[in-house]
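Here the structure comes first, spelled out in structure tokens, and everything after it is commentary.
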Amino acid sequence: MKIAMIGTGYVGLVSGVCFSDFGHDVVCVDTSSEKIAKLNAGEVPIYEPGLDTVMARNFAAGRLRFSTDTAAAVDGADAVFIAVGTPTRRGDGHADLTYLMAAAEDVARALTGYAVVVTKSTVPVGTNRRVADLLQLTRPDADFDVASNPEFLREGAAIEDFMKPDRVVIGVETDRAKKVMGEIYRPLFLRDFPITYTDLESAELIKYAANAFLATKISFINEIAALCERVGANVKSVAKGMGMDGRIGNKFLHAGPGYGGSCFPKDTSALARIGQEHGIPMRITEAVILVNDAVKRRMLDKVMDLCDGAVNGKQILVLGVTFKPNTDDMREAPALTIVPALVGAGAKVRIVDPQGKREGEALLPGASWHEDPYEAAADAEAIIILTEWNEFRALDLSRLAGAMASPKMADLRNIYDEAEAVAAGFTAYVSVGR
Ligand code: UGA
């Protein structure tokens, strides 16, 4: 199959690269010539484990190309995927469809033979129909179908998620489009990965409903964590006991400093908007958003309490600032709430993060960046663990405590136990929901 992928952001790049690995002929298009030049030079613009290898392999095989020329990429393509950003629109929480509609218009002008125009970006219900109308209006002569094919990959595990998905969701309305989409995903079908075909609206809604449900699990357990602290329970035990019920499942029940990233905050807010607009308020999702905001503030209170209410002039070491491990993504990371508040209160914040510096430096002014946790712990009055990178999971706590001026720890990912922290010399240790 010949595929054009419009947009080389997270979803576009990973999908394009993986489709080429399926054996398809893929051209990834982006408006940024700088980005395309880098990709053509073999540079991967994001940190995503394994992506560089798969990209290099298919680029070398000639199945994967990068270009700024939409028309050339679309010419003769069996499917044109649109995977541009749909960020939260400032002010109203809506998904901003400006880029998507602009891309669809470019695609319409470039269509030659029959093609399926597939939306991979996360878009509000009804968008695929709007895209179809726009295509029709721009090019009444064009022969096309639209399809909705939301993506469920996680940053940090994107290749694995794409190659071994829990399911592939495809919203289509014609047999012709279904056939093309079936052909594209044939390598997964042959390996028995479930592929489910729906109408356009259901496919669009599945994506929001799935993300909002996962976010609900997180906010739920974070609220239970606060209750655990009040009543003397342990949220890890509670989550374990709950998760043993197969109907609940043990995943996404880790209490922490709140969810972040490019998806959950944006998609929960968009779903709330969609509900309001259709007169069906998404009350649970609205509560999930409020709880998540409150969790971040609660974590800040926890750190302030640990530091006896004042951080002015104190050295504080923050381990991990990306929104989760194995990514360099800082979007909506809890660190963006906690670090500026500490800096604002006069703390001297040091940061160690394996990948966060490139993006984080500009976002967290006033903090200093370090490579080695033990060196950075020198004279620190508190350590805050904000992201559970593997390298922070087995630290020599005695060595850390020995280096610090006053060994105190806020373990906001529940990596360690109070007993081991105290045994290692920490005089105070707080975590979440324990
Ligand atoms: C999420 C979904 O998991 C993907 O299925 C989806 O495709 C993607 O959004 C998207 O819409 O593109 P992602 O944002 O990469 O993926 O990251 P997750 O691993 O889901 O983590 C999201 C946030 O929830 C992180 O801040 C993480 O720390 C937090 N989290 C996760 C918890 O606090 N507790 C948990 O138990 C799980």
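Here, each number is a calculation from the coordinates, and none is a lab measurement. Quick caveat: nothing in here was measured; it's all calculated off a predicted structure. Reconstructed Cβ throughout: ideal geometry from the backbone, glycine too, with neighbour counts over all protein chains shown.
Before moving on, here are some points about what is shown:
- Rounded to the nearest whole angstrom, the semi-axes of the ellipsoid equivalent to the stretch 200-434, taken from the Cα gyration tensor as √(5λ), stand at 32, 20, 15, largest first.
- Partner aspartates and glutamates whose Cα lies under 19 Å from the Cα of Lys236, excluding those fewer than 8 positions away in the same chain, are identified as Glu223, Asp245, Glu388, Asp411, Asp417, Glu418, Glu420.
- Euclidean distance between Cα centres, the stretch 100-114 to the stretch 241-282, Å: 34
- Packing rank of 70-79, 119-128, where each peptide gets the mean count of other beta carbons within 10 Å, highest leading: 119-128, 70-79
- The mean sequence distance of close C-alpha pairs (under 8 Å, at least 6 residues apart), as a share of the length of the stretch 200-434, puts its relative contact order at 20 percent.
- Space enclosed by the convex hull of the alpha-carbon atoms of the stretch 2-198, per residue, Å³: 117
- Calculated [θ] (222 nm, deg cm²/dmol) that DSSP helices of n ≥ 4 give over the chain, each run adding -39,500 (n - 2.57): -13500 deg cm²/dmol
- Using all pairs of distinct alpha-carbon atoms, the Kirkwood hydrodynamic radius of the chain works out to 23.3 angstrom.
- Residue ranges 190-198, 369-377 sort as 369-377, 190-198 when ordered by packing (mean number of other C-beta atoms within 10 Å per residue, highest first).
- Length-normalised contact order for the chain - Cα pairs under 8 Å, 6+ apart - percent: 12
- Cβ-placed point charges (K, R +1; D, E -1), dipole of the stretch 200-434 about Cα centre in debye, nearest 20: 460
- Among the listed pairs Lys2/Lys38; Lys217/Lys251; Lys207/Lys266; Lys240/Lys408; Lys2/Lys120, those with a Cα-Cα distance over 19 Å are Lys2/Lys38; Lys240/Lys408.
- For the peptides 394-400, 292-298, the ranking by packing is 292-298, 394-400, with the highest mean count of neighbouring Cβ atoms within 10 Å listed first.
- Counting charges near Val125 (Lys, Arg +1; Asp, Glu -1) among other residues having Cβ under 14 Å from its Cβ returns a value of -1.
- Residue-count net charge about Gln315 - beta-carbon cut-off 11 Å; Lys, Arg +1, Asp, Glu -1: +1
- Given charges at beta-carbon only (K, R positive; D, E negative), |dipole| of the chain in Debye: 580
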